[in-house]
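The values are calculated or read from the model by the stated rules, or taken from the named source; none is laboratory data. Bear in mind that the values here come from a model prediction, so they are computed numbers and not experimental data. Note: ideal-geometry Cβ built from the backbone for every residue, glycine included; neighbour counts use all protein chains shown. Please note that ligands, DNA and RNA were not included when accessible areas were found on the heavy atoms of the full protein model with its side chains. Shrake-Rupley method; radii C 1.70, N 1.55, O 1.52, S 1.80 Å.
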Amino acid sequence: MGLEQSETMGKGHEAFPECLENKGHTNVSRHSPELNHANGTNHGSFVGEHDGAVNRTNSAVPNECFHRPMQQQNYFFCSAFHPNLPMEMQNQSRVIKSHFYTPNHGHYINWFPCVPFQMQPSNYPHEFYLQDFQYFVVIDFEATCDKEKNPHPQEIIEFPSVLVNSRTGQLEDCFQMYVRPTHNQLLSDFCKELTGIQQSQVDKGVLLSEAILMHDKWLEDKGIKHTNFAVVTWSNWDCRVMLESECRFKKIWKPPYFNRWINLKVPFNEVFGGVKCNLKEAVQLAGLTWEGRAHCGLDDAKNTARLVSHLMHRGFKFSITNSLLWQSADHPCKMQQRVPAPECEVHKWKNPFFTVVPLPPVQGNLIKEQSLYCFCGMKSIKRMLPGSKNGSFFFGCGNWTATRGALCPYFKWAISESANKPPCFAVILFLSTSCLSGISATNEFCEAGIGYGESGSRMSSSSKILIKGGTVVNAHHQVVADVYIEDGIIVAVRPNIRQVDVDAVVLDAAGKFVMPGGIDPHTHLGFEFMGTKSVDDFSTGQAAALAGGTTMNIDFIIPIDGSLSAGYKAYEEKTKDSVMDYGFHVAVTKWDEDVSREMDIMVKEKGINSFKFFMAHKGVLMLDDEQLLEGIKKCKSLGALAMVHAENGDAVVEGQKRMIELGITGPEGHDLSRPALLEAEATGRAIRLASFVNTPLYVVHVMSSDAMEEIAKARQSGQKVVGEVLVSGLVLNNSGLWDPDFTIAAKYVMSPPIRAAGHDKALQAALSTGVLQLVGTDHCGFNSTQKAFGIDDFRKIPNGLNGIEERMHLVWHTMVESGQMSPTDYVRATSTECAKIFNIYPRKGAILAGSDADLIILNPNSSFKITAKSHHTKSDTNAFEGMTGKGKVEVTIAGGRIVWANGELRAVPGSGKFIKMPPFGYLFRGIDKADANYLSASRAPVKRFTSSA
């Protein structure tokens, strides 16, 4: 096995071919004649937004042309989405003569080196130049089985994957996850003997939905996900039969790259003359020695990968052999072989740096052909669904009768699952076109639906909502689809959902984005601080959040006299009038054994999985390094995320004294006393302490490029560090602190302070490239009277400003409208990543069947303007006063209720729920293994002897 390599190049970065030639690199793809279009221009791979599914009648989405940096383009496109897509266009990796994108501007250091795609050292074997793919991802699932060969339903129990570098032929890394079956939970003796997988391994495994997401994240972390790679299997069973059927009937999201694959039997037969053999025999026929155990998923995948490398050495050029046609949930799926494609004219995209090949239209007889096939691949017969009360139809293979029962393995699975109705939201009942409660097969809603305000008060109280025709955006894909909500839960997400109930509210979202509600990871509502209390409590602050498209916030519990339990009880009282869901972090402001014991209680009994440590606010909240180290160690033992407010508190106190001595007492003194270097120093110190303990670290409110660069270096080295940027840091600079009007200047006082112009652009670039992962607000509003406490001494100005209502609008305008992020990236930064980090995904942060019904409808063409007179918080000032932009949240749905529409807020006090956040989120994966590797590599303790005199 090849070892994991440190990533020294960004995902998909390009450079001018001329620059590469000057550096002595050979094989620049510019010189390859096959990459030149007939008209003499180079055109890139597919750089349009990757939706996960394409609407055949109109695949365009609002505001489609995102002028993003190249490394953010999802430029690969799966053949599963159109049968007539030219194969050679799908597989070729194009070099684009594009701009060199530098995320840090001016004098800031660039931590994101750019290396071209097909730049290879000249000593690589010549045959590797032939491959169209940069990587091969080799999979070989193991599934439940017994002596009857294929008991149904079979379920995946081992999910292995091996990376093969097509340029070197090396096996670079591997992934393995055991999967817990939900139907046949006990493995047969035959299965255990055949695969070597034991019952205890699958019992401790994860659900298939979790395994898929973990594998997807692994590919992203390795820098593979956004490259031109291909999935490889030994046969069609893994992708076509096993993964496809299980994902369909458990309603599990499946990454689109699994919809096309290389069946290695095809190239093997081309090279070795059509020999019929199994995998082990194929490896031996190729002159290789079988390694490991047959029918062990990871060993099978490794041997398949070795066979791939062997065929590459023999000069074989791989291409996709099989794919699945994309269809909606109520149409069957069949295997698609290569289809000759008509010629397509290449049209210029709006972005001058790229061109895109449009999809040719689907031929009229294609839908008719698809309807002839069952999900299992057999010819379909239109039949009544067994046990149906309303005469529903399904398209199946017809292998059932009233006496024999359902013999089609896939529909047998669906029926047996519906009888059990498991509570896990990852396993959702199969819904045919008309199986939703109350659906009529002939009576559909009109296309336009109704306006947001036409249902009066019924809109906020109805438990059933149907959103029609919007572009549904998740962090992993976007697609034009309908969303049906019932009793606060998303029931279905697919095109053309028929009428569900006469009492359902119908919202027309055509031309608009339907996205998960925002999750604000950093707020301070009802916060007692600096002798006063923030003006917004959980009622008013959350109501403002709903008006801005945020449907959940995570607030900070501040201990009372150092007691975490006392602080928790106080915040329980504060949230009685909450109007949306919320979670808690807990601050640790002192350290002793009592605090350590209370941390156990918070995690194991109260649903807390994160603790914040202050490295500033000396004498009030700050811990010293010894206390901080103990706290970080305790977090690791509990599986809780350590968070830090990173400023050098001792140096800040010294800076404040210096300003007062110089007679600088106004708000500008706050900025001058806390320079960016003090934030960077504390950030680097916290990162190194976390590295010493080997535990993940979350750095709150990163406000400077200096601190951001510390995070970039740590992440580049492989350390698990999360960087949170604030909306104020993205869109403001510190010029307001020098305003001669004290009221205006004081409203910008917060810690760490808003930085000078230039830092905001660097933070935007870091967010767009993934160095910083999510956007918070640090919402802590104080009115002008409270701010005036420090009119003669900036040290007494309460620190904090607003943002909970403005965040979603400003991030969209600043990042998406400017072309720095796509809608999918926007969802990731404002909702999904927070849900994943704090272990509440996909309940929150996703529009998936089974997720909580927290959604927004955003109109990308609508404008907004921010003023203190129109905002919904209680403060009489607004730090973003007068800002305007495009992209407005027109509807907010929280807990399945419409709470914001037509500029009207319908928040209900007491409707918010506390969301428990379990420990050991995804950031803790691999920590134990890393600890074990460290100990084994330390070669300690050394056994010594005393030499005799």
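When the C-alpha to C-alpha distance is required to be over 22 Å, the pairs from LYS512/LYS865; LYS533/LYS787; LYS604/LYS633; LYS612/LYS888; LYS836/LYS913 that qualify are LYS612/LYS888. Computed from label points 7 Å out along Cα-Cβ, the spacing between GLU605 and ASP561 is 1.9 nm. In order along the range 614-621, phi translates into HN-Hα couplings of 8, 9, 9, 6, 4, x, 10, 10 Hz, rounded to whole numbers, per the Karplus curve 6.51 cos²θ - 1.76 cosθ + 1.60 with θ = phi - 60° and x for Gly and Pro.
When the solvent-accessible area of the range 786-834 is split by element, carbon and sulfur atoms take up 50 percent of it, the probe being 1.4 Å.
Kindly sort TYR922, TYR568 by accessible area of their heavy atoms, largest first, with the probe set to 1.4 Å.
If we order TYR922, TYR568 from most to least accessible, we get TYR922, TYR568.
Amide H contacts of ASN322: TRP261, ASN263, each under 5 Å away and 5 or more positions distant or on a separate chain (H built 1.01 Å from N in the peptide plane; Pro and chain starts excluded).
Considering only protein heavy atoms and a 1.4 Å probe, what is the carbon-and-sulfur percentage of the accessible area of the range 639-726? It would help to have the intermediate numbers written out before the result.
Numbers: 1420 of 2740 Å².
For the range 639-726, the apolar C and S fraction of the accessible surface comes to 52 percent.
Think of a 1.4 Å ball rolled over the protein heavy atoms: the range 840-881 then has 35 Å² of accessible area per residue. For the range 877-932, the equivalent ellipsoid derived from the Cα gyration tensor has semi-axes of 38, 21, 12 Å, listed largest first.
Quick one: ranking LYS865, LYS836, LYS464, LYS276 by accessible area, 1.4 Å probe, largest first, what do you get?
Ranking LYS865, LYS836, LYS464, LYS276 by accessible area, largest first, yields LYS276, LYS865, LYS836, LYS464.
Here is the list for the range 192-221: trypsin sites (Lys or Arg not before Pro) lying in DSSP coil, each with at most 11 other C-beta atoms within 10 angstrom of its C-beta, are LYS204. With a cut-off of 19 Å on the backbone N, the residues of the range 501-530 near the modelled label site 7 Å out from LYS590 along Cα-Cβ are 528-530.
Its relative contact order, with pairs defined as Cα atoms under 8 Å and 6+ residues apart, puts the range 484-560 at 29 percent.
Round to a whole number: what % of the accessible area of the range 839-891 belongs to carbon and sulfur, probe 1.4 Å? Exposed carbon and sulfur together represent 44 percent of the surface. Normalised size of the range 757-889, defined as Cα radius of gyration per 2.2 N^0.38 Å with N residues, equals 1.19. Each of THR665, MET703, VAL693 was placed along the dipole of the range 661-708 (beta-carbon charges, centred on the mean Cα), and the one lying farthest toward the positive end is VAL693. Taking amide H atoms as placed 1.01 Å from N in the peptide plane, the amide H of VAL506 lies under 5 Å from those of ILE450, LEU466, each 5 or more residues away in sequence or on another chain. Between SER735 and ASP487, full extension at 0.36 nm per residue minus the direct alpha carbon distance yields a gain of 84.5 nm. Sequentially through the range 919-929, phi angles give Karplus couplings (6.51, -1.76, 1.60; θ = phi - 60°) of x, 6, x, 5, 5, 8, 5, x, 5, 4, 5 Hz, Gly and Pro residues having no value and appearing as x. Close amide H partners of VAL232, meaning residues 5 or more places away or on another chain with modelled amide H under 5 Å apart, are VAL137, VAL138, ILE139, ILE262.
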